[in-house]
Amino acid sequence: MAKNLPQTGIISWITTVDHKRIGIMYAVTALFFLLFGGIEAILMRTQLMVPNNDFVTGSTFNGLVTLHGTTMIFLFVMPLSAAFFNYLTPLMIGAPDVAYPRMNALSYWIFLFGGLLLNFSFVAGMLPDGGWFNYANLSGPKYSPTHGIDFWVLGVQVVGLASLIAAINFFVTILNMRCKGMTLLKMPIFIWTTLVTQVLLILSLPVITVALVMMSFDRSFGTGFFDPEMGGQVIMWQHLFWIFGHPEVYILILPAMGIVSEILATFSRKPLFGYSVMVYSTCAIGFLGFAVWAHHMFTTGLGPWAQALFSAGTMLIAVPTGVKIFNWISTLWGGQISFTTPMLFAVSFIAMFTMGGLSGVMHSSPPIDYQHQDSYFVVAHFHYVLYGGAVMALFGGIFYWFPKVTGRFMDETMGKIQFWLYMVGFNLTFFPMHFLGIQGMPRRIYTYAGDQGWNLWNLMATMGAYITALGGVLFFVNLIYSCFNGKRAGADCWDGRTLEWTLASPPPEYNFAVDPEVTQLDDFWVRKFDATGNRVEPALQPEIDPATKHLPNPSFWPLVLAFGILLLACGPFFDAKGIWLSVFGLGVMLLGTYGWSYEEA
Amino acid sequence: MEILKKSTWRDPLQRLGLGWMAFSTSVFAEGSKQAKAFDEVEYQLRATLESPMNTIAGLTEWARGINHVYGITTLVVTLVFLAVSIPLIMAIVKFRVPEGTDLKQLKPPKQVHGNVQLEFVWAVIPVILLLFIAVPTWEAIFEQPEEAPEDALVVKVIGHQWWWEFQYPKYGITTANELHLPAETPVFFELTSADVIHSFWIPKMGGKKDCLPGKDAMNSMFFVTPAASEIKTLGGEYFQGQCAELCGSSHALMRFDTVLHTREEFGRWTQVHNQPPQVTSALQEKGQELFAQCAVCHTLAGTPSEEQEKSMLALGTPKQGPNLSNLGSRKMLGAGTRWNNQRNFIEWVKNPQSIKPGATMTAFGHLSEEELLALSAYLMQSTVKKI
Amino acid sequence: MVSDHEGALHATNTGIDNRKFGMWVLIASECFLFGTLIANYLVNRARGLSGPKAQEIYEIDITTLSTFDLLMSSVAMVLALHGCQNRDVGKFRFWTGIVVLGGVIFLGFQYYEFSHFVHNGLGLTTSIFGSSFYLLTGCHGLHVLAGVLWMSTILATSFVRGDKWFPDVPLEVAGLYWHFVDVVWIVIFTVVYLFVYI
Amino acid sequence: MVGQDSNHASVRTYWNLAGILCVITFIEWVIFKIEDLRTWSAFMLPTLIALSLAKLIMVCGWYMHLKYDHKLLTYVFGFSVFLTMMTFTILMLALR
């Protein structure tokens, strides 16, 4: 029944189980949500441009803050990283596809519906206004009676489920489906950071799932998990959220580190310096990520011993991160660096991420954090790490692998202009925020008095935001332009080091005509030179007739199951008759599950 | 009447003169109204270059302790920043291949895979540097006392949705939005909240601590107030504080002032505060009757509304509104939102939502102009407490 | 039930079948889920302001019986798998039926226990102890229900597809899931019911 | 399909294990029923943990086939259990 689905057109995209198409869909949806996040940021910065501005009201501003944070983290950085995981993991480890192709499609569709559910709050006119972490009492039924917070709670729940399913998929793919000869310490470094990210996802998402279930019970059924009047503790939500929250920020940054390591190695024409040390420090960051969450809660009165331990743990994480930064610089050292756009983004990642990491170390010590907590210094810190770090690296990744995905280079001049617009705009926006933080401007305030000495810095920050927005627009122009008339790119267009450059660009649906065999790290690069060191034509994948390769059949059941999950999640919005919508959603889910398991794979 | 100075967004332009800023500010500036809420002239004068909320003024022992750790950390961080940026810039400049060379022809550089000693060096040195931060941090962490020292003035701070309530159990005083403190005395704060999480923060005095709702979730904060020499202006030196934890739509308008008095001045303040309001003129008389409507939520020390408050507390439902005993002598209205003058008072009573969106106070639009004048005469003049 | 990619079965590096490996990873993830629920229960078990306390309401006898029942259904699961691997369709179907029966009995016990508690005044929203208890045991109950559905589907498919159909790997994956649900109940039984006085 | 490999536990071992599991559960029930014993937490806590740990290891080791499978599965499961215990012990201490 599944065999006669068309191979091209909309239906093929809806029913695809090919990891490359799903990767493209993830990337396109993530960039679509980037527009949302960007516009929210511009609106907020315009409101804060001058003292006591009335561009937006207080609660709308809180809504924008919440949606900007949640959209950028859950609907832009994580899915764009997932796009890289999806597209590159099988290609880099020499696998025909991911371990569970249909489950891969399922996680995309659940993510899409979760993102739409979260942003539906704009249409419903009830924005979630509790901040991206939605602290307990304010987001409880008593102080946020409208459904706004429900959009956040259920949207993040659904998107979390999507990431969990994808994480299991990639974890099994990486450990079980590597090509012949590729032992764990011969895998590309990007695959290592992907693996550790999946471990973090697998272990931290259940915590937020339980916390969100508890909050939706509080809001819909009147239980009192976080309500002091019923004996609940307000900081229980903070603990559960940050037990997920801190591994979450490593989930955001580790893929970016992997991408930067790949780009630096390629454009310095040198292997990554200290590969095994980079692997161990990635694992160390992943493991320590679970023991430091309370540095977000130093001011909630944890007591001296807890503060001492958590600050020690937080400082300890700076060591493996420092090791990685020095390794990147040593990768550059002695190389033949060519500053293409991806390389510009990668090098700027090192600089910006270092500044972000160092401002983070500053408030890892509780006494300083008493002054920095919930002030603009923290806003500056995490934007330097998240924007200067993860987003810059992800844009570098797009420029780097775009030729492999579409067979055409992205335009270099537009890329470089966009890069410098980003660098100038980014620093103009977020460096003054350090001063705002020291001058005591609290976070999430929709306006401020004119006499606080904050006017100049807020004005500069807003100007920087406009410049960055300009850069963003230029990126989308470049993206669309290059899709159709970018310079043609061959298989090994950047003289790369990993297996995905052995494939044609864009690669055939069956990936590897001949299953690759790897003898050492950066095997593809080593084969480009014979014993005496002069260049030899690398062995690329031959062209074969696609019919000979068995491909998993496309299937629409993942979409049905995902739609069932969406209906289940939409129940709480319709108070009385909502239960029937959820039950109907359960029915659709059962239908999808049974249809899925009895389908010819 | 005050002359409302044009909002301050023009000053930076003159100072910096950036063409780009001029262009985009002129495009957007028309949309933004000129300053209308706080920018009363006198408040402007107070905003010298040193902003009222800066965190490194360090007036108390605790704040100076924080700045000490902050100084060391900044030094270490700058050191590490140089250790990273210098080799990075050198690498970029030194090993850059000129644009357009055909890389495929170029012989690849020496394929260096790693160097164990180097890895050891830049793993151990950061640990040592971090110890420079960690040791003073741990010292500072264990300095804060858990319980109130005997000689400390205990102040109960209760966060409400968008205003602050301060109680002095020793003197039986309850006041709001202005925290009066004697100089050079250890003060121990007991922080709780009546609704959502707030965060009590006086940057110049030291860090912030969350006010968590719930009986068993009481936080504490302790510092010794600065010496009398810090008090420059008569009637006490003003230090600003603000709520730092998102607590709803008017979280930005939840500010308060700490007023520092000399010991004698503070002593007089404690006696004077609970005196009943002196009704001198007929207008204030009329205002007193009108206050009966307000007594449902507000209390004035020394008036029948106080007994009403006691009975309501016995029932377990405390009054919703702040205590207004010394409203006349306060500098700001609505938790640091508006300057305390008659025009603002009347505008507040008529429609509180316009000033503080989401405020739970009902609007008294039905009162006539003359009744409002009477009410403001009573609440503004008769509650003034001369120290 | 042909597996996901039977044709292009990629010889896995670790020799473990992808689906079995995936189930183990899901079990690792569920450890954290139940770890959170148990931690939340332990924090809130004494914080209930109203309604009956834990000591007053728990009936250890019924719960011990349901623990026996779940253990035996775990044993039945292993024997079903054994039967399936030895191509003995009678044993396979018999023991799978016992597993489903065990699951249904456990759900029966849980239904009785919940209605008994509600009857004694411990509703979902009576106190935070009640909410945390129902969240933990309810979540486990839903997992048991899913297991019962899964196993009864395998049983039904066996009857539909005749005596020659032996789902070795799918049955082993379902078995892993069922044993994990039993392991979680062992931990819950100890932490919730036996730690009441500690 | 996975055939009949040699190191598979035989049916007899399954029944023996089932017996042991029932005995352990019975012991737990008996200990709990003794009035003054159940409130003596110094004794109850370690024994109950030991007993339930024994049951856990038996079910995971034999019934879930961990003993005969690739050690990677034991590492995945073991690492997750260890991390759960570590994280939530820190949480319980921080909340006290």
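One line per residue, one yes/no per condition, for (1) at the interface with another protein chain (Cβ under 8 Å from one of its Cβ atoms); (2) buried (at least 17 other Cβ atoms within 10 Å of the Cβ); (3) out of contact with any His (no Cβ under 7 Å at 6 or more places or on another chain); (4) over 14 Å from C:Leu176 (Cα atoms):
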| residue | (1), (2), (3), (4) |
| --- | --- |
| C:Thr12 | yes, yes, yes, yes |
| C:Val25 | yes, yes, yes, no |
| C:Cys31 | yes, yes, yes, no |
| C:Ser66 | no, yes, yes, yes |
| C:Gly90 | no, no, yes, yes |
| C:Gly97 | no, no, yes, yes |
| C:Val104 | no, no, yes, yes |
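From the residues in the stretch D:50-75 that are loosely packed, with under 15 Cβ neighbours inside 10 Å and either of a type in the set (D, E, K, R) or within 11 Å of the chain's Cα centre (by Cα) (or both), which one is farthest from C:Gly15 (Cα to Cα)?
D:Ala50
Of the residues B:Glu143, B:Glu139, B:Glu147, which single one is in a helix (DSSP H, G or I) and within 37 Å of the chain's Cα centre (by Cα)?
Checking each option against the conditions leaves just B:Glu139.
Any residue at all in the stretch B:122-131 that is out of contact with any Lys or Arg (no Cβ under 6 Å at 6 or more places or on another chain), more than 27 Å from A:Thr354 (Cα to Cα) and more than 7 Å from chain A (Cβ to nearest Cβ)?
No, there is no match, as no residue in the stretch B:122-131 is out of contact with any Lys or Arg (no Cβ under 6 Å at 6 or more places or on another chain), more than 27 Å from A:Thr354 (Cα to Cα) and more than 7 Å from chain A (Cβ to nearest Cβ).
Go through the residues of the stretch C:102-124 one by one and say whether even a single one is under 21 Å from C:Ile27 (Cβ atoms), at pLDDT 95 or above and of a type in the set (Val, Ile, Thr).
For the stretch C:102-124, residues under 21 Å from C:Ile27 (Cβ atoms), at pLDDT 95 or above and of a type in the set (Val, Ile, Thr): absent.
Does A:Phe382 fit the bill of being open to solvent by less than 10 Å² (accessible area, probe 1.4 Å), assigned to a helix (DSSP H, G or I), more than 9 Å from chain B (Cβ to nearest Cβ) and not polar (S, T, N, Q)?
The answer is no for A:Phe382.
Which pairs have Cβ atoms under 6 Å, sit 6 or more apart or on different chains, and link a residue in the stretch C:177-198 that is more than 7 Å from every other protein chain (Cβ to nearest Cβ) and within 14 Å of C:Ala146 (Cβ to Cβ) to one that is part of a helix (DSSP H, G or I) and aromatic (Phe, Trp, Tyr)?
C:Val184/C:Phe34
Could you say whether any residue in the stretch A:548-557 is hydrophobic (A, V, I, L, M, F, W, C) and either exposed (fewer than 15 other Cβ atoms within 10 Å of the Cβ) or closer than 30 Å to A:Pro145 by Cβ (or both)?
no
Does any residue of the stretch C:108-115 turn out to be surrounded by 17 or more Cβ atoms within 10 Å (Cβ to Cβ) and among the hydroxyl-bearing types (Ser, Thr, Tyr)?
No, the stretch C:108-115 contains no residue that is surrounded by 17 or more Cβ atoms within 10 Å (Cβ to Cβ) and among the hydroxyl-bearing types (Ser, Thr, Tyr).
Looking at the stretch D:55-89 only, could you name the residues that are β-branched (Val, Ile, Thr) and more than 7 Å from every other protein chain (Cβ to nearest Cβ)?
Passing the criteria: D:Ile57, D:Thr74, D:Thr89.
Could you figure out which of (1) surrounded by 15 or more Cβ atoms within 10 Å (Cβ to Cβ); (2) within 14 Å of chain C (Cβ to nearest Cβ) isn't true of A:Leu503?
Here A:Leu503 meets the rest and fails (2).
Could you grab me the full set of residues in the stretch B:75-106 that are open to solvent by 50 Å² or more (accessible area, probe 1.4 Å), in a helix (DSSP H, G or I) and within 7 Å of chain A (Cβ to nearest Cβ)?
B:Phe81
Run A:Val391 past the list (1) open to solvent by 10 Å² or more (accessible area, probe 1.4 Å); (2) within 13 Å of chain B (Cβ to nearest Cβ); (3) among the β-branched types (Val, Ile, Thr) and report the number of the one that doesn't hold.
With respect to (1) open to solvent by 10 Å² or more (accessible area, probe 1.4 Å); (2) within 13 Å of chain B (Cβ to nearest Cβ); (3) among the β-branched types (Val, Ile, Thr), A:Val391 is out only on (2).
Under 9 Å between Cβ atoms, which residue pairs at least 6 apart in sequence (or on different chains) link something in the stretch D:74-96 that is closer than 21 Å to C:Trp24 by Cβ with a partner that is open to solvent by 80 Å² or more (accessible area, probe 1.4 Å)?
Partner pairs satisfying both residue conditions: D:Thr74/D:Lys67.
Among (1) buried (at least 24 other Cβ atoms within 10 Å of the Cβ); (2) within 10 Å of chain B (Cβ to nearest Cβ); (3) of a type in the set (Val, Ile, Thr), there is one condition A:Ile438 misses while meeting the rest; what is its number?
(1)
List the number of the failed condition for A:Leu240; all other conditions in (1) open to solvent by 10 Å² or more (accessible area, probe 1.4 Å); (2) free of Cβ contacts under 8 Å to residues at least 40 places away in the same chain; (3) of a type outside the set (Val, Ile, Thr) hold.
(1)
Quick one: B:Leu59 ticks every box in (1) more than 7 Å from every other protein chain (Cβ to nearest Cβ); (2) modelled with pLDDT under 50; (3) open to solvent by less than 60 Å² (accessible area, probe 1.4 Å); (4) not in a helix (DSSP H, G or I) bar one, so which box is it?
(2)
Name the single residue, out of those in the stretch A:442-492 being among the hydroxyl-bearing types (Ser, Thr, Tyr) and more than 12 Å from every other protein chain (Cβ to nearest Cβ), that is nearest to A:Arg45 (Cα to Cα).
If we take residues in the stretch A:442-492 being among the hydroxyl-bearing types (Ser, Thr, Tyr) and more than 12 Å from every other protein chain (Cβ to nearest Cβ), then A:Thr468 is nearest to A:Arg45 (Cα to Cα).
Among the residues of the stretch B:177-199, write down those that are farther than 26 Å from B:Leu246 by Cβ and of a type outside the set (Ser, Thr, Tyr).
Across the stretch B:177-199, the qualifying residues are B:His180, B:Leu181, B:Pro182, B:Ala183, B:Glu184, B:Pro186, B:Val187, B:Phe188.
When you scan the stretch A:39-151 for helices (runs of 4 or more DSSP H) that lie fully inside it, which ones turn up with 3 or more residues that are at positive phi and at pLDDT 95 or above?
Per the criteria, no element qualifies.
Only one of (1) out of contact with any Pro (no Cβ under 6 Å at 6 or more places or on another chain); (2) over 28 Å from A:Leu521 (Cβ atoms) is not met by A:Leu5, so which one is it?
Condition not satisfied by A:Leu5: (1).
Here is a list of conditions, (1) open to solvent by less than 10 Å² (accessible area, probe 1.4 Å); (2) touching a helix residue (DSSP H, G or I) at 6+ places or on another chain (Cβ under 7 Å); (3) in a helix (DSSP H, G or I), and B:Met380 meets all of them except one; can you say which number that is?
Evaluating B:Met380 over (1) open to solvent by less than 10 Å² (accessible area, probe 1.4 Å); (2) touching a helix residue (DSSP H, G or I) at 6+ places or on another chain (Cβ under 7 Å); (3) in a helix (DSSP H, G or I) leaves (1) as the failure.
Condition first: in contact with a Lys or Arg (Cβ under 9 Å, 6 or more places away or on another chain) and open to solvent by 10 Å² or more (accessible area, probe 1.4 Å). Now tell me which residues in the stretch A:354-373 satisfy that.
Residues satisfying the conditions are A:Tyr370, A:Gln373.
Within the stretch B:290-375, which helices (runs of 4 or more DSSP H) (wholly inside it) include 2 or more residues that are open to solvent by 20 Å² or more (accessible area, probe 1.4 Å), under 22 Å from B:His180 (Cβ atoms) and touching a strand residue (DSSP E or B) at 6+ places or on another chain (Cβ under 9 Å)?
Fully inside the stretch B:290-375 and qualifying: B:304-315.
Restrict the check to the stretch B:250-263 and report whether at least one residue is assigned to a helix (DSSP H, G or I), under 30 Å from B:Pro52 (Cα atoms) and without any contact (Cβ under 8 Å) to a residue 24 or more places away in the chain.
The answer is yes; a qualifying residue exists.
Name the residue that is most open to solvent (accessible area, probe 1.4 Å), counting only residues in the stretch B:150-170 that are charged (D, E, K, R) and part of a strand (DSSP E or B).
B:Lys156
Every residue in the stretch D:34-48 that is within 7 Å of chain C (Cβ to nearest Cβ) and closer than 16 Å to C:Thr64 by Cα, please.
Matches in the stretch D:34-48: D:Arg38, D:Leu48.
The values are calculated or read from the model by the stated rules, or taken from the named source; none is laboratory data. All values reported here derive from a predicted model rather than from experimental measurement. Glycine also receives a Cβ, built like all others from the backbone with ideal geometry; neighbour counts cover every protein chain displayed. SASA here: full protein model, heavy atoms, side chains in, ligands and nucleic acids out. Shrake-Rupley method; radii C 1.70, N 1.55, O 1.52, S 1.80 Å.
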